[in-house]
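Asks: Below is one structure. I have some questions about it.
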Ligand code: CS2
């Protein structure tokens, strides 16, 4: 019997040799302060924002540590606390794996256990940046309009209980109000979710929330708080059991919270932080720019749009992962047709060739070392479709251009939302609107056109313009009929 490996922790870190195969923190961890508080700590941020911050610390030292906050479950804290916040990341390329230990995470707070402690931490003047990856639905907004959904149960709760919030918007507002009342400068709010104009979007939500109680506070937010926009990119699948063994094999230390990720990463940040400052993320290759919008358009529409399309079609066709789906030439060819519809609607960012970008995406999706489940990406489609696919649909329709590949993606989402796969097995649909969508479909009966009409009538998703556009409705309905009669693979081979 082999002996159990010791757990990764500050005490066992010394077992790894500096300069060895595993990259280690090269700075003084004791000098770190919780200058960044991150809401929604999960695999993505630990392999993206934390990695950039770690790179800067490794090059230049400093005190920019990160304190994580989980807004829902305790699992990240439970896995990371016994490790003193240390974790392994595994960079997985087609030619092998590279492990590193990340040291910039100081700890994790679990908000539902003590919301007041989280508000106090955010309100502490030591907190200079509050960054967020709470996923699209975590902002409690209406995806079609970008406005705060006042009927959302968490928002309704937080307006009633502003000192013990549940939502990210509620926490930001509570802490900013304390800062204002204490006459202190605010922190910078850095949204790192895949939302359009994410800085301005979150600024609007926090202001909407604040204005319900105190218009003067909302004005102070507008005048004093910075919400830089960002574009974030790195493919980071959710933790899989096999990652635990892989991390242990790479380091000889047991890690309950490793993260596997692709080699590629990109972070484009609007350089508008004010006196609160920021780490010198450009040292790690982040692009600090005046206008993030062109980068965000490119990424949300070409990467995330294609991801969602492939998630629904691939899942329906029986593919467990993105790499499985793109390894099928039918789906690779479909993606090229989809990108050919999207590219003309995307003004290229400075110096960027979009054909090269999408070819590189195909290679990233085809990375055999990244097992990114179609089911994972299919989650929360109601929150993702507008910015990923529907904006492009609108622009092509306005230009009188056809949308066959985009319509198929939307039809595949509709087919998936029905909750039964092509073999008749149930689909575990995870979406805040899952029950509502399913109820609409059930009420609509079996006629495909009626089912599609029932879904397109969801205004929070499709607005009022798309269901009133006969060419759009007919393209989605036709694609849906083909999905039902011939299946996803045949529908994609058109
Ligand atoms: C994915 C994204 O889960 C999803 O919806 O499309 O998480 C995607 O992997 C990242 O945005 C890549 O940067």
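The values are calculated or read from the model by the stated rules, or taken from the named source; none is laboratory data. These figures come from a predicted structure and were not determined experimentally. Note: ideal-geometry Cβ built from the backbone for every residue, glycine included; neighbour counts use all protein chains shown.
Asks: Evaluate the following for residue 200: is it surrounded by fewer than 23 Cβ atoms within 10 Å (Cβ to Cβ) and without any contact (Cβ under 8 Å) to a residue 12 or more places away in the chain? Break it down into steps so the answer makes sense when it comes.
Replies: On the way: surrounded by fewer than 23 Cβ atoms within 10 Å (Cβ to Cβ): yes; without any contact (Cβ under 8 Å) to a residue 12 or more places away in the chain: no.
No: the conditions fail for residue 200.
Asks: Taking region 465-490 only, how many residues are buried (at least 22 other Cβ atoms within 10 Å of the Cβ) and farther than 25 Å from residue 399 by Cβ?
Replies: Residues in region 465-490 being buried (at least 22 other Cβ atoms within 10 Å of the Cβ) and farther than 25 Å from residue 399 by Cβ: 2 in total.
Asks: Working carefully through the options 205, 201, find the one that is assigned by the TED database to the domain that holds residue 42 and in contact with a strand residue (DSSP E or B) (Cβ under 6 Å, 6 or more places away or on another chain). First the steps, then the outcome.
Replies: Numbers: 201 fails: in contact with a strand residue (DSSP E or B) (Cβ under 6 Å, 6 or more places away or on another chain).
Residue meeting the stated conditions: 205.
Asks: Let me ask you something else. Mind checking which residues of region 56-76 are surrounded by fewer than 20 Cβ atoms within 10 Å (Cβ to Cβ) and part of a helix (DSSP H, G or I)?
Replies: Step one: of region 56-76, the residues surrounded by fewer than 20 Cβ atoms within 10 Å (Cβ to Cβ) are 58-63, 72-75.
Across region 56-76, the qualifying residues are 58, 59, 60, 75.
Asks: Filter region 83-96 down to the residues that are assigned to a loop (DSSP other than H, G, I, E, B) and touching a residue at least 24 places away in the same chain (Cβ under 8 Å), then identify the one that is nearest to residue 43 (Cα to Cα).
Replies: As a first pass, look at region 83-96 and keep what is assigned to a loop (DSSP other than H, G, I, E, B): 84-86, 94-95.
After this cut, where a residue has to be touching a residue at least 24 places away in the same chain (Cβ under 8 Å) as well, the list is 84, 86, 94.
On the way: 84: 17, 86: 13, 94: 21 Å.
Looking at residues that are assigned to a loop (DSSP other than H, G, I, E, B) and touching a residue at least 24 places away in the same chain (Cβ under 8 Å), I get 86.
Asks: Tally time: how many residues in region 298-344 are within 16 Å of the ligand (Cβ to nearest atom) and assigned to a loop (DSSP other than H, G, I, E, B)?
Replies: Residues of region 298-344 that are within 16 Å of the ligand (Cβ to nearest atom), as a first pass: 298-315, 319-326, 331, 335, 338-339, 342.
Right, trim to assigned to a loop (DSSP other than H, G, I, E, B) and you get 319-320.
Residues in region 298-344 being within 16 Å of the ligand (Cβ to nearest atom) and assigned to a loop (DSSP other than H, G, I, E, B): 2 in total.
Asks: Still on this structure: Would you tally the residues in region 203-224 being farther than 20 Å from residue 155 by Cα and crowded, with 23+ Cβ neighbours inside 10 Å?
Replies: Residues that pass the stated criteria total 0.
Asks: Confirm whether residue 244 is more than 22 Å from residue 38 (Cα to Cα) and touching a strand residue (DSSP E or B) at 6+ places or on another chain (Cβ under 8 Å). Steps first, please.
Replies: Values: more than 22 Å from residue 38 (Cα to Cα): yes; touching a strand residue (DSSP E or B) at 6+ places or on another chain (Cβ under 8 Å): yes.
Yes; evaluated as a whole, the condition is true for this residue.
Asks: Then there's this: Go through (1) crowded, with 22+ Cβ neighbours inside 10 Å; (2) in a helix (DSSP H, G or I) one by one and return the number of the condition residue 130 breaks.
Replies: Looking at each condition in turn, residue 130 falls short on (2).
Yes/no matrix, rows are residues, columns are (1) in the same structural domain as residue 367 (by the TED database); (2) more than 28 Å from the chain's Cα centre (by Cα); (3) surrounded by fewer than 21 Cβ atoms within 10 Å (Cβ to Cβ); (4) part of a loop (DSSP other than H, G, I, E, B):
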{"site": "26", "(1), (2), (3), (4)": "no, yes, yes, yes"}
{"site": "36", "(1), (2), (3), (4)": "no, no, no, no"}
{"site": "41", "(1), (2), (3), (4)": "no, no, no, yes"}
{"site": "45", "(1), (2), (3), (4)": "no, no, no, no"}
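Asks: Could you tell me how many of the residues in region 389-402 are over 20 Å from the mean Cα position of the chain (by Cα) and either surrounded by fewer than 21 Cβ atoms within 10 Å (Cβ to Cβ) or near the ligand (Cβ under 10 Å from one of its atoms) (or both)? Can you show your working first?
Replies: At the first step, the residues of region 389-402 found to be over 20 Å from the mean Cα position of the chain (by Cα) are 393-402.
From what's left, either surrounded by fewer than 21 Cβ atoms within 10 Å (Cβ to Cβ) or near the ligand (Cβ under 10 Å from one of its atoms) (or both): 394-402.
The number of residues fulfilling the criteria is 9.
Asks: Which pairs do you get when a residue that is closer than 13 Å to residue 87 by Cα, found in region 33-53, comes within reach of a residue that is within 16 Å of the ligand (Cβ to nearest atom) and in a strand (DSSP E or B), reach meaning Cβ atoms under 6 angstrom, with the pair 6+ apart or on two chains?
Replies: 43/259; 46/259; 47/89; 47/259; 47/261
Asks: Looking at 368, 386, 347, which is the one that is free of Cβ contacts under 8 Å to residues at least 60 places away in the same chain and either more than 16 Å from the ligand (Cβ to nearest atom) or assigned to a helix (DSSP H, G or I) (or both)?
Replies: On the way: 368 fails: free of Cβ contacts under 8 Å to residues at least 60 places away in the same chain; 386 fails: free of Cβ contacts under 8 Å to residues at least 60 places away in the same chain.
Criteria check complete, one pass: 347.
Asks: Given the options 99, 174, name the one that is assigned to a strand (DSSP E or B) and in contact with a helix residue (DSSP H, G or I) (Cβ under 9 Å, 6 or more places away or on another chain). Don't jump to the end; show me each part of the working.
Replies: Numbers: 174 fails: assigned to a strand (DSSP E or B).
Going through 99, 174 in turn, the sole match is 99.
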